[in-house]
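Here the structure comes first, spelled out in structure tokens, and everything after it is commentary.
Throughout, read-outs are computed from the coordinates displayed, never taken from laboratory work. Because the structure is predicted, anything quoted here is derived from the model rather than measured. Ideal geometry is used to build each Cβ from the backbone, glycine not excepted, and the neighbour counts take in all protein chains shown.
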Amino acid sequence: MVDRALHLNLDDAWQDEPLDLPVIDARAWGPRLRFSAPPRLVAEFYREHEAILASPFLLYGSGDFHYLTALRLRRIDGPILLVSFDNHPDWDVRPPKWGCGGWVNRALELSNVRRVSVWGCGNFECWWPHQLFGNRRAERAGILDVHPWADDHPAKDRKRRGAILRDDWRPHFEQLFETAEKKDIYVTIDLDCLTASEAVTNWEPGRFTIADLEWAAAKLRDSSHIIGGDICGAYSPPNYARFKQRFAAEFDHPKVQLPVPERIHQINLAALEKLWPVLTGAL
């Protein structure tokens, strides 16, 4: 029997076993999988942890492992809508095939994933010229919609498809999911979508607040059926197994200023304690 909720510990991002979840110790895999991994290694990890990945709700560490969500979606029967709250669109079409920056494309390759909707992108990847590296074909086809913050952009950029503002994103969200009509939804939350005061991550902070995500999750439950989800994004010191992996990751990651470790844990645990119940429906 598969536990309804698990903590997959890849990097000790969460300490003292938060929420008293059953823990799977996968720390031996962490350095090999962090940021990116070759397909052979991903396949090996999947074979070893397939039953664990079938748990409806999963907690894991750094957002560097976010691409594991695409593996989890293989385990879901029937058509689903994937909703991602993330400061990055994770839609890059360039190599590597398996990595945290392009995992949405692996999700779209699955026949059961009918559409992906990404909310809260605050970095440069959704804007010219960097959007050239994104999966614009899927966006044009309507199977992928990304919703970047446009508050700091000129008026012409605010006409970008999917662009949102702090003052109007909630009506856009409601309008989009009014048509969900009790469809099955999988929700993934990367804590880097939150403001710097509410989460400490390995990436740039986003603009959502915890209250925003609580509101959004309630709307999703009202309009549809959340059949599973995960939370990742808590900070952990980076550790890599391969030179090329380390080089690419260090080049891609921003330089972030961090509080002391105890404060990091306090901030992220406070976020988790509020978000986990709204994601899981308090189990």
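Things to note:
- Criterion violated by residue 279 - all others in (1) over 19 Å from residue 149 (Cα atoms); (2) in contact with a Ser or Thr (Cβ under 6 Å, 6 or more places away or on another chain) satisfied: (2)
- Taking the numbered list (1) within 18 Å of the chain's Cα centre (by Cα); (2) more than 28 Å from residue 245 (Cα to Cα); (3) not in a strand (DSSP E or B) in turn, residue 115 passes all entries but (3).
- Search result, residues across the stretch 119-173 that are on the phi > 0 side of the Ramachandran plot and either touching a residue at least 40 places away in the same chain (Cβ under 8 Å) or in contact with a helix residue (DSSP H, G or I) (Cβ under 9 Å, 6 or more places away or on another chain) (or both): 120, 162
- Within the stretch 78-123, if we keep just the residues that are surrounded by fewer than 24 Cβ atoms within 10 Å (Cβ to Cβ) and among the acidic types (Asp, Glu), the residue that is farthest from residue 170 (Cα to Cα) turns out to be 109.
- Filtered residue count, the stretch 196-211, keeping only those that are assigned to a helix (DSSP H, G or I) and in contact (Cβ under 8 Å) with a residue 60 or more places away in the chain: 1
- Here the stretch 27-77 is the region considered, the condition is being touching a Gly at 6+ places or on another chain (Cβ under 6 Å) and of a type outside the set (Phe, Trp, Tyr), and the residue that is surrounded by the fewest Cβ atoms within 10 Å (Cβ to Cβ) is 56.
- The stretch 154-184, residues that are of a type outside the set (Lys, Arg) and surrounded by 15 or more Cβ atoms within 10 Å (Cβ to Cβ): 162, 163, 164, 169, 172, 173, 176, 177, 180, 184
- Scanning the stretch 124-142 for residues that are surrounded by 14 or more Cβ atoms within 10 Å (Cβ to Cβ) and part of a loop (DSSP other than H, G, I, E, B) gives 127, 135.
- Here is the figure for the stretch 190-206: residues that are surrounded by fewer than 19 Cβ atoms within 10 Å (Cβ to Cβ) and either within 20 Å of residue 230 (Cβ to Cβ) or charged (D, E, K, R) (or both) total 1.
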